[in-house]
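Each remark here refers to the structure printed beneath this line.
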Amino acid sequence: MENFIEFKNLLLAEKTRLEGELSGIAHKNPDIKGDWEPSAPDLNIVVADPDEVADSIEKFENQAAIEVELEAELMNVTAALTRIEAGTYGTCTICKAPIEEARLRANPSARTCIAHREE
Ligand SMILES: [Zn+2]
């Protein structure tokens, strides 16, 4: 079996990128390893201007939605890296066939072959 070093490097680069983006809008949950929480806006800075408070809350909600997406991507990437270490990377979780190389190139964290993809 090939060693997937190229995909490992792609996944590691993606992990670094996602963690960088997450660290801008979230912080690591000290209680749960690998979990991130959106950073709350500092509403105390805003001096009782309802419009500014509303803006700040809206910004926080948008960031929270982005945070959830980035965290889901990061979990996929981390899971793929774990599969590389475990030797199960590149195998469809449904039919156990090797995942097509083109599919892995398009999505290195893919868990299924083209026939069984869900996206
Ligand atoms: Zn399959």
Would you kindly state how much longer the chain becomes between R105 and N3 on full extension, computed as 0.36 nm times their sequence separation minus their alpha carbon distance, in nm to one decimal? 35.2 nm
If one compares the long axis through the Cα atoms of helix 5-25 with the longest principal axis of the Cα atoms of the chain, the angle in degrees, nearest 10, works out at 10
Taking the alpha-carbon centroid of each part, what is the distance from region 6-35 to region 58-98 in angstrom? 11
Which distance in nm do the two modelled labels at H27 and A64 give, with both placed 7 Å along the Cα-to-Cβ direction? 1.7
Helix 50-86 axis, angle to the chain major axis (alpha carbon atoms, nearest 10°): 20
For the chain, restrict the atom set to alpha-carbon positions and state the Rg and Dmax in Å. 18.6, 63
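Every number here is computed from the coordinates shown, using simple stated rules; none is lab data. In this text the structure is predicted, and so the values were computed from the model without any measurement. When we count neighbours, we look across all protein chains shown, and the Cβ atoms used for this are built from the backbone with ideal geometry, even at glycine.
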